[in-house]
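Participant: Structure incoming, see below.
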Amino acid sequence: MRRIAIVSADRVKAARRYSIIASLFPIDFLDVKGLETAPPSAETTLVVDFLGLTEDDLRSLKSALASGCGLSICVLDQRNRKQVFQAHEFGCQKLVDRRESLSALLATLRSVAGDYYEPNLSREFPNDIRSAVGSACRTLATVSLSAILGRDLPISKLTDAAKNITETITKEGVRSWLEAAQSHHSHSYRHTLLVTGHAVSFAIDLGLSKEQQMLVALSALVHDLGKVKIPLSILDKPGRPTEKEDAFIRRHPEFTREILKTNTHVPKSVADVAVWHHEMMDGTGYPDGLKGDQIPFLVRMLTLADIYSTLTENRGTKSAMSPRQAIQEMAKMPGKLDSNLFKVFKKSVLDTGYGRIRRKKIEKIAM
């Protein structure tokens with residue numbers, strides 16, 4: 001996936017102006033005056049916002065372009081002949097009129113840089129896995145845009161995706177799903193797909209009904225809903241986030257609560273997961289410091305899948321833990337996780353047959 005950089009006269013103002021785009025693509029915001037000393041690489045999709053650019057700024061841009069980085073998109077006033085002429089002179093491929101909605105820029109970005117959410121799965125994966133993963137990613141992208149724009153979440157699409165996922169994992173086994181999820185270029189999408197796979201597999205091992213399995217899948221798909229308020233450049237950052245970035249990320253359950261205030265059609269149990277999956281049994285979690293029985297069953301279940309997925313996924317320079325290492329790490333959290341559920345989850349993960357769905361059912365746990 002190509003990097004995207006938006007160049008402007010003021011990158012702070014540009015970050016506010018294009019915050020929606022930054023939630024859908026990992027964006028670097030650059031000041032035009034800094035291009036001469038640190039020009040973007042030739043692999044970067046360069047977007048230039050002409051708003052407020054001076055003649056000196058344009059000379060800096062021209063110098064940077066001469067060094068090899070290519071200009072793909074210009075956002076300008078197409079009634080301004082001078083700006084249009086300059087854009088063509090710089091070799092700009094696409095012009096976007098600033099009077100249009102951000103959806104016009106989004107569509108142009110997709111035509112140049114591709115769809116960020118789209119996985120590039122090998123033909124080695126079963127067709128059902130490739131189809132289900134692709135469908136899930138498209139649904140997540142639609143959900144993200146709806147949440148960003150303050151629209152109702154597409155609950156019917158989410159329900160269809162949840163059903164498709166549970167049926168696919170039941171048929172193909174969870175190993176293929178997890179391997180496909182691990183191959184996604186985006187940490188954000190990869191993590192959600194992994195949590196969903198682990199959670200659905202766990203639900204099947206718990207002997208939950210098909211309806212409950214779908215509810216688990218639906219909850220997993222939206223468990224990090226509030227992260228749409230955080231730029232992807234932070235969420236998909238290869239290295240560790242800074243202290244300030246980490247504090248921002250930890251606010252995502254609060255952002256989720258804000259989004260769900262106007263989405264009363266979302267099942268309460270699903271909303272509970274999205275807001276409370278970082279709560280701990282001993283009351284040390286966030287955002288509300290819930291404790292013990294205050295935390296619903298489905299939340300406690302998804303918390304296990306979420307933590308395990310985080311420990312076992314690849315991310316930048318961080319090496320993924322093996323299943324046994326991850327379980328050992330989770331065992332160091334006494335009092336924080338549901339001990340009874342953890343015993344079952346541990347058996348599911350460390351069983352030598354893990355990666356395929358076992359048909360043997362254990363005693364059903366009441367929800």
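The values are calculated or read from the model by the stated rules, or taken from the named source; none is laboratory data. Predicted model only: the values in this text are computed from it and were never measured. Neighbour counts are summed over all protein chains in view; Cβ atoms, including those assigned to glycine, are modelled from backbone coordinates with ideal geometry. Heads up: the accessible areas ignore ligands, DNA and RNA and are worked out on the full protein's heavy atoms, side chains in. Shrake-Rupley method; radii C 1.70, N 1.55, O 1.52, S 1.80 Å.
Participant: Please compute the Kirkwood hydrodynamic radius of the stretch 93-164 from all pairs of different C-alpha atoms, in Å with one decimal. Mind showing how you got there, number by number?
Facilitator: Working: mean 1/r = 0.0707 Å⁻¹.
Value: 14.1 Å, from the Cα pair sum.
Participant: How many Å² of accessible area per residue for the stretch 139-219, probe 1.4 Å? Don't skip to the answer; put the middle values down first.
Facilitator: Details: 2660 Å² over 81 residues.
Each residue of the stretch 139-219 exposes 33 Å² on average to a 1.4 Å probe.
Participant: Can you give me the pair-distance distribution of the stretch 265-331, C-alpha pairs, 10 Å bins, whole percents?
Facilitator: Per 10 Å bin, starting at zero, the Cα-Cα P(r) for the stretch 265-331 comes out as 21, 42, 30, 7, 0 percent.
Participant: If you don't mind, another one. Out of Leu53, Pro296, Ala38, whose Cα points farthest toward the positive end of the dipole of the chain (charges: +1 Lys, Arg; -1 Asp, Glu; placed on Cβ)?
Facilitator: Pro296
Participant: Counting only DSSP beta bridges with both residues in the chain, what percent are antiparallel, rounded to the nearest 5?
Facilitator: Details: 1 of 18 bridges.
For the chain, the DSSP antiparallel bridge percentage is about 5.
Participant: If each Cα of the stretch 75-204 is one equal point scatterer, what is log10 of I(q)/I(0) from the Debye formula at q = 0.13, 0.16, 0.19 Å⁻¹?
Facilitator: The Debye formula, applied to the Cα set alone, gives -0.65, -0.83, -1.02.
Participant: Would you mind counting up the charge near Leu290? Only other residues with Cβ under 11 Å from its Cβ, with Lys and Arg at +1 and Asp and Glu at -1.
Facilitator: On the way: positive: Lys291, Arg300; negative: Asp272, Glu279, Asp282, Asp288, Asp293.
Residues near Leu290 contribute -3 overall.
Participant: Bin width 10 Å, origin at 0, all Cα-Cα pairs of the stretch 158-273: what percent of pairs per bin?
Facilitator: Cα pair-distance distribution for the stretch 158-273, in percent: 13, 41, 33, 13, 0.
Participant: Hey, if you put +1 on the Cβ of every Lys and Arg and -1 on every Asp and Glu Cβ in the chain, which of Leu76, Leu235, His198 ends up farthest toward the positive end of that dipole?
Facilitator: It is His198.
Participant: Taking only Cα atoms and a 10 Å spring cutoff, compute GNM fluctuations for the chain and point out the largest among Ser309, Ser72, Ser144.
Facilitator: Checking each option, the largest mean-square fluctuation is seen for Ser72.
Participant: Further question on the same structure: How large is Rg over Rh for the stretch 143-217, taking Rg from the Cα atoms and Rh as the Kirkwood inverse mean of 1/r across Cα pairs? Please report the intermediate quantities before stating the final value.
Facilitator: Details: Rg = 13.1 Å, Rh = 13.0 Å.
Checking Rg against Rh, the ratio lands at 1.00.
Participant: Given Tyr117, Ala271, Tyr286, which one lies farthest toward the positive end of the charge dipole of the chain, if we put +1 on the Cβ of every Lys and Arg and -1 on the Cβ of every Asp and Glu?
Facilitator: Toward the positive end, the furthest listed residue is Ala271.
Participant: Taking 1 over the mean of 1/r across every pair of different Cα atoms in the chain, what Kirkwood radius in Å do you get? Before the final figure, lay out each step's value.
Facilitator: Details: mean 1/r = 0.0454 Å⁻¹.
It is 22.0 Å.
Participant: Let me know the charge dipole size of the chain about its Cα centre in debye, to the nearest 20, where only the beta-carbon of Lys, Arg (+1) and Asp, Glu (-1) is charged.
Facilitator: For this selection, approximately 540 debye.
Participant: At a 1.4 Å probe radius, carbon and sulfur cover how many percent of the accessible area of the chain?
Facilitator: Details: 8630 of 17350 Å².
Here it works out to 50 percent.
Participant: Related question: Test of understanding: what is the full-extension gain from Asn340 to Glu243, defined as 0.36 nm times their sequence separation minus their Cα-Cα distance?
Facilitator: 31.5 nm
Participant: Let me ask something additional. Just to confirm, what accessible area per residue do you get for the stretch 1-126 at 1.4 Å probe, in whole Å²?
Facilitator: Numbers: 6470 Å² over 126 residues.
Ligands and nucleic acids excluded, the result is 51 Å² per residue.
Participant: Could you check the spin-label model distance between Lys33 and Ser135? Points 7 Å from the Cα along Cα→Cβ, value in nm.
Facilitator: Label at Lys33, label at Ser135, 5.3 nm between them.
Participant: Could you check the simple spin-label distance between Asp351 and Asp128, using points 7 Å along Cα→Cβ, in nm with one decimal?
Facilitator: Output for this residue pair reads 1.8 nm.
Participant: Further, regarding this structure: Need the list of lysines near Lys171 for cross-linking: C-alpha distance under 24 angstrom, and skip anything on the same chain fewer than eight residues off.
Facilitator: Lys157, Lys163, Lys210, Lys346, Lys347, Lys360, Lys361, Lys364
Participant: Could you calculate the contour length gain from Ala320 to Arg59, that is, 0.36 nm times the residue separation minus the distance between their Cα atoms, to one decimal place in nm?
Facilitator: Working: separation 261, 0.36 × 261 = 93.96 nm, distance 4.62 nm.
Result for the pair: 89.3 nm of gain on full extension.
Participant: Can you give the Rg to Rh ratio of the stretch 1-100, both from alpha-carbon atoms, with Rh computed by the Kirkwood formula?
Facilitator: Numbers: Rg = 12.3 Å, Rh = 13.4 Å.
Rounded to two decimals, Rg over Rh is 0.92.
Participant: While we're here: Can you list the residues, at least 5 places off or on another chain, whose amide H is less than 5 Å from the amide H of Ile4, using H built in the peptide plane?
Facilitator: Close amide H contacts, sequence-distant or interchain: Asp28, Thr45.
Participant: Taking the solvent-accessible surface of protein heavy atoms with a 1.4 Å probe, what is the per residue accessible area of the stretch 222-323 in Å²?
Facilitator: Values: 4670 Å² over 102 residues.
Per-residue accessible area for the stretch 222-323 comes out at 46 Å².
Participant: Mean Kyte-Doolittle hydropathy of -0.5 or higher plus an axial Cα length of 24 Å or more: which whole DSSP H helices in the chain meet both? Walk me through the numbers on the way to the answer.
Facilitator: Values: long enough: 127-149 (33 Å, 0.76); 155-172 (25 Å, -0.47); 187-205 (27 Å, 0.24).
Correct list, ordered by number: 127-149, 155-172, 187-205.
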